[in-house]
Amino acid sequence: MNATKDSQQQDYKLSLGEYQPAVDRRLNIWEDRDFSNRFWSRDHTVWFQKPQPELTNRMAWLDIFEPMHEHLKAMFDFAEEVKMEGIKHILLLGMGGSSLAPEVFQRIFGKIDDYARLLVLDSTHPDALRNIESKIDLARTLFVVSSKSGTTTETSSFFYYFWNRVGETSATPGRQFIAITDPGTPLIRMANERTFRRVFDGHPEIGGRYSALTLFGLVPAALIGVDSHQLLDRGWDMAGASAGYLLEAENPSLQLGAALGELALAGRDKLTFFTTPSLASFPDWLEQLVAESTGKDNKGIIPIVGEEIEEPWAYRKDRVFVYYELATEENPDLEKAIRALEDAGHPILRFKLNSKYDLGQEMFRWEMAVAAAGAVLGINPFDQPDVQLAKELARQAMEQKTAPPKPGVKMDRGESETILLEQKIVAYKAFDAFLANARIGDYISIQAYLAPDPDVEAALQDFRLSLRDRLKLATTLGWGPRFLHSTGQLHKGGPASGVFIQLVDEMEKDIPVPETNYAFGQLIQAQALGDFRALKQRNRRVIRLNLGHDKTKGLSLLFGLLE
């Protein structure tokens, strides 16, 4: 595996150093046990001796390629129809597995000819809603309501809002809405009742994080002019290269899976991603796949996305580095930094793509690899047993006050559990004592229940890097409630090595959700409080900081905690 492998016009190299023998042993054990063939046969004993819910009935992604080809013409015809109508924006209303792949496709492929640009709404913060509405022409926007279950609270709330807005000026609002959901869901019933323009049925035996190469990823891709056929066929190529009849040591997906699992067992569980510029958003999709699939039973692999690369001194021996490079944009400085990490003894997983469409191959490779790594770790890679707790606690917080709050009036947000940054001395002492609990092998997770904003994100990135350099610990940054559908499972069910910093703010003006008895600000406040209390119930180390009304002042006070 130390030799460069050329597969489907794609290079990869797993430089594992001292961990190579353990990975080789794992592959030999798998070969003796006919692992690959059993994996493709959906044999539950790959993971557990007894069958488990949401295990082998969540593996239809293995052979989805031929069925998906039957949908391609309808997808492309619909995309052409939308383009000819002059639609300017595709606004996807969805969370987690329903939104991450489409967002990655938009960011990597960019604006294509006369096709619409895709925007994603996955924040319930009122300011996020205002911001995204300011970017679109309501009359020339197609709304994609995307939810596997058809019951996702955030997605339903977004839909009610924009259905009401479009209905204010259109007698036929349903023509501007399509749905992507599994058969028989409440969303299908609602789409039929309200005469949505189209409904695309998903596959019930494929979980959200494994759905990138299904209609959940391919329909939005086609609508923005991406060749979904190419994406699908590249994935099919990798499936062929990872077939069950091949030796495990020659299977690129199982090589990666064995490496991920053995490295995590050896304490190298911080999977840190770096890419050349065009591929910068791909780790956002990988983050959910890795975190939600492996973070359970107090085990897991912790994806680290968005940290700027540093010299070896900044990292402890709990890291694995993944480097993605597009062949047409080689980066000598980044390559030099990667080599320095390798020379310092860190495992390096290198991947070179000859085309952006090789994303299809990589998506399948990682889906199979992460599922195989689950067998090494002894977990079910297809369930998410700890996600419901935060939802239930958020529901309880919502019930504390069901009426939409008036402007300037706070709902009960657990003030006794919240530290106001304006109380500088109290905040400083509490934060300093909190960080003193961090240990070698931990990671710092910044959970921002704030409206996503480039300036705020840049400030929080500086804050996280300051924490990394000060504590020599891996760091993550997530926007709430988005990350609840991505890394939230890992936070509560994975290793007890997380140190969580929750950030909330105050909202001057809320936005009611039509057809309900709550408002968006009330919802995000309840989600933040529910998540905080869920972490507490799981005995996680967590602190909750309130930035107040003025985000500029609040961020300044936040940095003051590090002085």
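The values are calculated or read from the model by the stated rules, or taken from the named source; none is laboratory data. Source: prediction; values computed, not measured. Counting neighbours? That spans all protein chains shown, and the Cβs are built from the backbone with ideal geometry, glycine included.
Here are the numbers:
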| quantity | calculated |
| --- | --- |
| Any chance S146 is closer than 21 Å to L100 by Cβ, surrounded by 19 or more Cβ atoms within 10 Å (Cβ to Cβ), touching a helix residue (DSSP H, G or I) at 6+ places or on another chain (Cβ under 6 Å) and of a type in the set (S, T, Y) | yes |
| Segment 42-80: number of residues that are surrounded by 15 or more Cβ atoms within 10 Å (Cβ to Cβ), part of a loop (DSSP other than H, G, I, E, B) and of a type outside the set (V, I, T) | 3 |
| Enumeration of residues in segment 157-182 that are within 18 Å of F200 (Cβ to Cβ), polar (S, T, N, Q) and surrounded by fewer than 24 Cβ atoms within 10 Å (Cβ to Cβ) | Q176 |
| Count of segment 85-121 residues which are farther than 22 Å from S355 by Cβ and either in the same structural domain as F520 (by TED's automatic domain parsing) or assigned to a strand (DSSP E or B) (or both) | 8 |
| Residues that are among the small types (G, A, S) and either out of contact with any Asp or Glu (no Cβ under 8 Å at 6 or more places or on another chain) or touching a residue at least 40 places away in the same chain (Cβ under 8 Å) (or both), drawn from segment 338-371 | A344, G345, S355, G360, A369, A371 |
| Members of segment 85-122 found to be closer than 21 Å to A519 by Cβ and out of contact with any strand residue (DSSP E or B) (no Cβ under 6 Å at 6 or more places or on another chain), listed by number | M95, D122 |
| In segment 500-541, the residues that are crowded, with 22+ Cβ neighbours inside 10 Å and β-branched (V, I, T) | I501, V504, V513, I524 |
| Test: residue in segment 464-475 that is among the hydrophobic types (A, V, I, L, M, F, W, C), over 19 Å from R540 (Cβ atoms) and assigned to a helix (DSSP H, G or I) | yes |
| Given (1) surrounded by 20 or more Cβ atoms within 10 Å (Cβ to Cβ); (2) farther than 30 Å from S253 by Cα; (3) not small (G, A, S), number of the condition N131 does not satisfy | (1) |
| Verdict on L359 being of a type in the set (A, V, I, L, M, F, W, C), assigned to a helix (DSSP H, G or I) and more than 27 Å from R58 (Cα to Cα) | no |
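Okay, residues lined up against (1) in contact (Cβ under 8 Å) with a residue 40 or more places away in the chain; (2) assigned to a helix (DSSP H, G or I):
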| position | (1), (2) |
| --- | --- |
| W163 | yes, yes |
| T169 | no, no |
| G184 | no, no |
| V199 | no, no |
| L213 | yes, no |
| P220 | yes, yes |
